[in-house]
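The values are calculated or read from the model by the stated rules, or taken from the named source; none is laboratory data. Just so it is clear, the model here is predicted, and its values are computed rather than measured. Neighbour counts are summed over all protein chains in view; Cβ atoms, including those assigned to glycine, are modelled from backbone coordinates with ideal geometry. Heads up: the accessible areas ignore ligands, DNA and RNA and are worked out on the full protein's heavy atoms, side chains in. Shrake-Rupley method; radii C 1.70, N 1.55, O 1.52, S 1.80 Å.
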Amino acid sequence: MGPHINIIWHHTAVTKDDRRKLNHHKSAVLWFTGLSGAGKSTIANAVEKCLYEKGLRTYLLDGDNIRHGINQDLGFSPGDRKENIRRIGEISKLFVDAGMIVITAFISPFREDRKMARSLLEGEEFIEVYIKCSLDECKKRDPKGLYKKAKAGEIPGFTGISSPYEEPKQPEIIIESDKQSITESVDQVINYLVEKGYIPD
Ligand SMILES: Nc1ncnc2c1ncn2[C@@H]1O[C@H](COP(=O)(O)OS(=O)(=O)O)[C@@H](OP(=O)(O)O)[C@H]1O
Ligand SMILES: Nc1ncnc2c1ncn2[C@@H]1O[C@H](COP(=O)(O)OP(=O)(O)O)[C@@H](O)[C@H]1O
């Protein structure tokens, strides 16, 4: 018997659908995944700004920021990354329930962990966005100098260098950030949301 044995789900008087109606748009999570330096934060911020300017309700969960707060107890072992992604998945679910468009920007390198995050949400609420960028280009960009440190052996288990990144097999959106501009990437995400009926045109 687990610790949940005497805990019973309480249905709320105001529902997710009620909150979506109030917002005039659907709620979902845009789950960005990709190597360090691929452009997750840059594109996620630009997408959020665009959605905000359209008057839509959004919230951005970004790797570095979350690791300063709720996930400050976690490191980068596979087990800690799994727990990181599980918590982000649960937090995303709460925001989706609140009627918002959530954007997450985490490396989330393991397919199984992303699958678990997807399974927490309903059908079309989880939109996987693969920020595809060659490792060479990420190393060249190295916006935080982390690849340099990893190469010098100063960061153990660094994704792409000494820890694997498992590419998504069937993401809803693929952004090739080493081939397309930030503006093109933002348009691609917005067009997807409009075409699939998440947000009004
Ligand atoms: N070992 C190791 N591997 C990868 N990344 C590392 C590591 N140590 C620190 N960092 C910095 O932490 C950011 C990644 O955190 P995430 O929460 O997105 O990682 S994960 O999804 O749990 O794998 C990552 O941010 P981004 O560069 O924005 O991706 C790095 O700045
Ligand atoms: N086409 C592009 N799309 C996204 N980022 C780009 C692009 N071209 C150059 N960059 C730069 O690459 C870096 C990506 O860093 P960041 O967004 O922090 O990546 P991540 O969050 O994936 O680690 C930024 O300095 C950004 O300005």
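Please report, as a whole percent, how much of the solvent-accessible surface of segment 16-194 comes from carbon and sulfur atoms (probe radius 1.4 Å). Carbon and sulfur atoms account for 52 percent of the accessible area of segment 16-194.
Place the peptides 103-111, 181-189 in order of packing, highest mean first, counting for every residue the other Cβ atoms within 10 Å and averaging per peptide. Could you put the intermediate results ahead of the total?
Working: 103-111: 23.3, 181-189: 15.8.
Sorting 103-111, 181-189 by mean packing, highest first, produces 103-111, 181-189.
Of the peptides 2-10, 126-134, 141-149, the order by per-residue mean of other Cβ atoms within 10 Å, starting with the highest, comes out as 126-134, 141-149, 2-10.
Counting each DSSP H run of 4 or more residues in the chain as -39500 (n - 2.57), what helix-only mean residue ellipticity at 222 nm follows after dividing by all residues, to the nearest 500 deg cm²/dmol? Mind showing how you got there, number by number?
Details: 8 runs with 85 residues, N = 201.
Rounded to the nearest 500, it is -12500 deg cm²/dmol.
Take the chain, connect every pair of alpha-carbon atoms lying under 10 Å apart with a spring to form a Gaussian network, then pick out the residue of 124, 53, 167 with the largest mean-square fluctuation. Between 124, 53, 167, it is 53 that shows the largest mean-square fluctuation. Compute the separation of the alpha-carbon centres of segment 123-201 and segment 26-95 and state it in Å as a whole number. Centre-to-centre (Cα) distance: 12 Å.
Summarising the amide proton neighbourhood of residue 155: residues at separation of 5 or more, or on other chains, whose placed amide H is nearer than 5 Å comprise 150. Summing +1 for each Lys or Arg and -1 for each Asp or Glu among the other residues whose beta-carbon sits under 14 angstrom from that of residue 61 gives +1. The Rg/Rh ratio of the chain, with both radii computed over alpha carbons and Rh defined as the Kirkwood radius, is 0.99. Express the relative contact order of segment 16-194 as a whole percentage, based on alpha carbon pairs under 8 Å and six or more residues apart in sequence. Computed over segment 16-194, the figure is 33 percent.
Charged neighbours of residue 151, selected by a Cβ distance under 11 Å, balance to +1 (K, R count +1; D, E count -1).
Seen against the Cα atoms of the chain and their longest principal axis, helix 111-120 is set at about 10 degrees.
What is the angle, in °, between the Cα long axis of helix 182-195 and the longest principal axis of the Cα atoms in the chain? Nearest 10 is fine, range 0 to 90. With rounding to tens, the tilt is 30 degrees. The magnitude of the dipole of segment 113-178, with charges of +1 and -1 set on the Cβ of Lys/Arg and Asp/Glu and taken from the Cα centre, is near 500 debye.
Among 37, 99, 157, which one shows the highest mean-square fluctuation when the chain is modelled as a Gaussian network with alpha-carbon springs under 10 Å? Answer for the Gaussian network model of the chain: 157.
Excluding same-chain neighbours fewer than eight residues apart, the lysines reachable from residue 93 by a Cα-Cα span under 24 Å are 16, 21, 26, 40, 49, 54, 82, 115, 169, 196.
At 1.4 Å probe size, with every protein chain present, just tell me what the per residue accessible area of segment 16-194 comes to in Å².
On the way: 9160 Å² over 179 residues.
Per residue, segment 16-194 has 51 Å² of solvent-accessible surface.
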